[in-house]
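The values are calculated or read from the model by the stated rules, or taken from the named source; none is laboratory data. None of the values given here were measured: they were computed from a predicted structure. A quick note on method: Cβ atoms are made from the backbone with ideal geometry, for glycine too, and the neighbour counts reach across all protein chains shown.
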Amino acid sequence: MAAVKLQQGDRVSFIDDVGGGVVLRAGRPGHVLLRTDDGFELELPEKRLVRVAEGSRAAHLRVSDHAVGMRVANELLEEKRRNKSPLRPGKTPKKPEDNSVAEVDLHLHELVEDETRLSDGEKLEYQIRYFERALESAIRNGKRKLIVIHGVGEGVLREEVRKMLQYYDGVRFHDADMRRYGVGATEVEILRGRG
């Protein structure tokens, strides 16, 4: 039986993983470029994908255990913040969290459940795209700083992050506070007046 060629706009699921996406266009021979449900663009072999009928679309829009855990943790933190009891006399108030500073950890194990299926190039591209979305979000939300935790490693991710930052007007960057982040982080200052 001949395999059915995937077309632009086809909804697909991963054969050996949770999730799916929409086919954007043909890629290298036997591959397609698709936008995952998480918003990433990946080029994958057609043999690792299966077309999903529109009626069964909800079947692959499952939420990962990690996402559920993050949601629960955020709700618990928000509840604690709302129910904060007033300070007892003699207690020093805790320094308030700086809401004008955002952090993004680009360590792959923080971003994906199973990184073994990605090539080195796909891993780096995933991290860079994730960083770019975090930076755009920080700018859009009026943050003053973005701390990018990229780790030490061979320095490839650090260099790619800094290379990308050179194309942004209205930002300055330098090594983050070594006492807090060690040598594996970059601090991005978002200058006001960027529009």
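Overview of values
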{"read-out": "Filter result for the condition that a residue is within 30 Å of R81 (Cα to Cα), touching a His at 6+ places or on another chain (Cβ under 9 Å) and of a type outside the set (S, T, N, Q), over I139, I149, I190", "value": "I149"}
{"read-out": "Residues (more than 16 Å from R117 (Cα to Cα) and part of a strand (DSSP E or B)) located in segment 35-47", "value": "R35"}
{"read-out": "Any hit, segment 56-69, residues being assigned to a helix (DSSP H, G or I), in the same structural domain as S13 (by TED's automatic domain parsing), modelled with pLDDT of 80 or more and under 26 Å from R129 (Cα atoms)", "value": "no"}
